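Inspection log for the structure reproduced underneath, given as structure tokens.
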Amino acid sequence: MPFQSGEYLSSCSISYDLNKYTYENKSFEYEAKKKHRLNVHEDFETLLKNKSDAELLSNEIMRSRFTLKDYYTFEYFETLDNLKLFDLVEMEYKRNENEYFIKPCICEIVKLNIFDNIIKLRFISEIETEAA
């Protein structure tokens, strides 16, 4: 995907044909307002010549940026040897024996405070688990 971004968007506008026209993609706004209570719009100026290319680009942008990334921040009590910022780690958290609070997933370390034992993780992807 050409638009790898953690920034969230619920709509975008693509200017094309030497900025004479603009294609506006609002396809996610209703769902975003319902789910996240947050709409974010961004404008893109391009060198594209026609509307169909602007639509394709807007769909690609929205596909890569229309979800909010989940962040988990918690205090840890054990030594986290050899971990560094931006490392990828596997994580899961269960409330009871068989009830997940956070399902198994891959996360990136975005904050690691070794003095206060605080770690902040950004969700990357779920880990497929076998059904019991």
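The values are calculated or read from the model by the stated rules, or taken from the named source; none is laboratory data. Worth saying up front: this structure is predicted, and the values here are computed from it rather than measured. Neighbour counts run over all protein chains shown; Cβ positions are idealised from the backbone, glycine included.
Restricting attention to region 44-66, the residues being within 25 Å of Ser125 (Cα to Cα) and surrounded by 15 or more Cβ atoms within 10 Å (Cβ to Cβ) number 7. Scanning region 8-43 for residues that are surrounded by 17 or more Cβ atoms within 10 Å (Cβ to Cβ), assigned to a strand (DSSP E or B) and among the aromatic types (Phe, Trp, Tyr) turns up Tyr16, Tyr23. Per the listing Leu80, Leu88, Leu9, the residue uniquely touching a residue at least 24 places away in the same chain (Cβ under 8 Å) and under 25 Å from Glu128 (Cβ atoms) is Leu88. The number of residues in region 86-118 being exposed (fewer than 12 other Cβ atoms within 10 Å of the Cβ), of a type in the set (Asp, Glu) and either closer than 11 Å to Tyr72 by Cα or modelled with pLDDT of 80 or more (or both) comes to 2.
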